[in-house]
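Q: Here you go, one structure.
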Amino acid sequence: MGKTNQILYTVLDAREKRASLRSKFVKKNLCTLSLSLNIAGYPKSNPLITSFFSEVLNELKPFLLANRIDVENNKKVILTDKAGDFFIVPFSNSSIDIIKIKELTETFESTHRLGRLIDIDIFNEQGLPISSGKEKSCYFCGENSAISCMRNKRHTYNEIREKISIEISNYLNVKNKELTINRLISYASKAILYEISLSPKPGLVSFHNSGSHADMNFFTFLNSSASLTPFFREFCLLGYNYSGKYEEVLGQIRHIGLRAEKAMFEATHTINTHKGIIFLFGVSLFSISKLVSEKEGYNDAEFRAMVMKICKNMVANELVNTTNKAITNGEKVYVKYGIMGAGVRGEVEQGFPSVFHKSQAYFEDYLTSFLYNNQHEIQQILQTGLLHIIAVNNDSNILHRSNLETLIHIQTLAKEAIDNHIAYSQLNEYCLAKNISPGGSADLLSVALLLHFVKNEKI
């Protein structure tokens, strides 16, 4: 037997076994749906093709559900054989309108980006295929019917296989990109919502009170948070697609950030709720997305190295020469306190030292196990994480509202409060009495949470 004939025999044998599998459902008078792929040449499957098949199947399942097409998932069969990847499942209802279902599945095929590779077959209770009589167009040229091009050998198997591989790869890359970015946006949104939900917080806005902020409340933060989501996507897309030097990307991050600030101020009626977060998340989401796109994963060391490259010499470039023209609160604090008052600029330039001092390790130890437990436990974990940051962060918000002596005192109180609930209450009372808000530390808590979610949930 020649090699070609041997391949043909193994493929036909596999198809016979599939038919035998379908006949078992016929004996029970069940109609069936099957999914396979139109793959020219041999082999009919490989890891790339199987990944695509799995993705199509994941898309098909909610499509069936959305169209009220009930199948008996407990009787489904998924396999890979010499004929390729295959899925078959019987319908739950024997009185279904299989003609309508055939029309719907053809819509699924025709609207799918790679629909010409997808073959969804519907069989009645006698095991006979339901056909619409429509011919599929050729995958390679799209001009003639697939059968016509095959019979007339208009394209070589190598040409078709190469096109299939390229388009499947591109398709899966796009799907993976979309999935990754959507997850990152979700983690970013969850991080700022976790932060604002922590209550009570020393001098900070929470659900129960506005802390030292008379001009804003819990719902101001919710409005602000909702306005930022589209820009989280932009930061991620920039990182995922960026191919230039990291030292040159800061301007692009800030361009997105300025538009985010505008949206924030519109949502809050000119109140600054998340200006610091916009910058910190801009740099962070860019860096995480870039790492994931390049290395298919995340780790702390590479993240910190990238952040430091992006923000290299930021303090020197943006704050050192502001002595005579300080305008923003951050610039004024730097003029007064030097490097200790560098604020978020100093924090990102050094790769988030306050975040990685202890809060990250603490979340690794406790937040994962308690994440879905009771509210009190989560609050306690978030509270301790915040205290670890306040204890070491030279918070420019505190320096702006008070002085260095007060900052040092608050850092001391935070250290004491880590294992002492009474000290935590004292810290809260002190901040309220002095009208002090460690807002910079709260922003860094959100960064710590974002990184925790990235590391411990799917990415």
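Each reported figure results from applying straightforward, stated rules to the coordinates on display, with no laboratory input. This is a predicted model, so every value here is computed, not measured. Here Cβ is always computed from backbone atoms with ideal geometry, including for glycine, and neighbour counts include all displayed protein chains.
Q: To the nearest 10 degrees, how steep is helix 275-295 against the longest Cα principal axis of the chain, on a 0 to 90 scale?
A: 40
Q: Then there's this: ³J(HN,Hα) across region 96-101 via Karplus (A = 6.51, B = -1.76, C = 1.60, θ = phi - 60°), whole Hz, x for Gly/Pro?
A: Whole-Hz 3J(HN,Hα) from phi for region 96-101: 5, 8, 5, 5, 5, 5.
Q: Among the aspartates and glutamates, select those whose C-alpha is under 17 Å from the C-alpha of K82, and discard any that sit fewer than 8 residues away in the same chain.
A: Output for K82: D13, E16, D119.
Q: Report the trypsin sites (Lys or Arg not before Pro) located in region 221-324 that are in a DSSP loop and have at most 16 other Cβ atoms inside 10 Å of their Cβ, or state none.
A: Here the sparse-neighbourhood loop sites are K245, K312.
Q: Give the Rg/Rh ratio for the chain, taking Rg as the radius of gyration of the Cα atoms and Rh as the Kirkwood radius, to two decimals.
A: 1.13
Q: Could you state the number of Å between the C-alpha centres of region 108-128 and region 341-402?
A: 53
Q: Pull out the extension gain between D119 and I327, defined as 0.36 nm times the separation in residues minus the alpha carbon to alpha carbon distance; nm, one decimal.
A: Answer, rounded to one decimal: 68.4 nm.
Q: Let me see the P(r) profile for region 3-136: every Cα-Cα distance counted, bins of 10 Å, each bin given as a percent of all pairs.
A: Histogram of Cα-Cα distances, whole percents per bin: 11, 43, 37, 8, 1.
Q: Next question. Per 0.36 nm of contour for each residue apart, how much would the distance between E429 and A19 grow if the chain were fully extended, relative to their Cα-Cα spacing?
A: Separation in residues times 0.36 nm, less the Cα-Cα distance, equals 140.1 nm.
Q: Helix 439-456: angle to the longest alpha-carbon principal axis of the chain, degrees 0 to 90, nearest 10?
A: That works out to roughly 30 degrees.
Q: Then there's this: Quote the charge dipole size of the chain about the Cα centre in Debye, to the nearest 20; the model charges only the Cβ of Lys and Arg (+1) and of Asp and Glu (-1).
A: 1340
Q: Run the helix sum for the chain: -39,500 (n - 2.57) per DSSP H stretch of 4+ residues, divided by residue count, reported at 222 nm to the nearest 500 deg cm²/dmol.
A: -20000 deg cm²/dmol
Q: Under a cut-off of 16 Å between alpha-carbon atoms, report the aspartates and glutamates in cross-link reach of K332, not counting same-chain residues fewer than 8 places apart.
A: Straight-line reach from K332, under 16 Å: E318, D395.
Q: May I ask you to list the aspartates and glutamates whose Cα is less than 12 Å away from that of K24, ignoring any residue fewer than eight positions away on the same chain?
A: Correct list for K24: E125.
Q: Helix 421-434 against the longest principal axis of the chain: what's the angle in degrees, Cα atoms only, rounded to the nearest 10?
A: Once rounded, the angle reads 70 degrees.
Q: Can I ask one more? What translational diffusion coefficient, to the nearest whole µm²/s, does region 369-455 have by Stokes-Einstein, given a Kirkwood radius computed over alpha-carbon pairs, a temperature of 10 °C and 1.306 mPa s viscosity?
A: Reported coefficient: 118 µm²/s.
Q: Specify which residue in the list G346, L117, S199 is farthest towards the positive end of the charge dipole of the chain, using unit charges on the beta carbon of Lys, Arg (+1) and Asp, Glu (-1), about the Cα centre.
A: The residue sitting farthest along the positive end of the dipole is L117.
Q: Within region 420-446, what residues put their amide N at less than 15 Å from the label point 7 Å along the Cα-to-Cβ vector of H376?
A: Once the point is set 7 Å along Cα→Cβ of H376, 421 turn out to lie under 15 Å by backbone N, inside region 420-446.
Q: Test of the criteria: in region 229-290, which GluC sites (Glu not before Pro) are in a DSSP loop and have at most 14 other Cβ atoms within 10 angstrom of their Cβ?
A: Filter output for region 229-290: empty list.
Q: Using the structure shown, select from K27/K163; K190/K415; K75/K290 the pairs with a Cα to Cα distance greater than 32 angstrom.
A: Over 32 Å apart, Cα to Cα: K27/K163; K75/K290.
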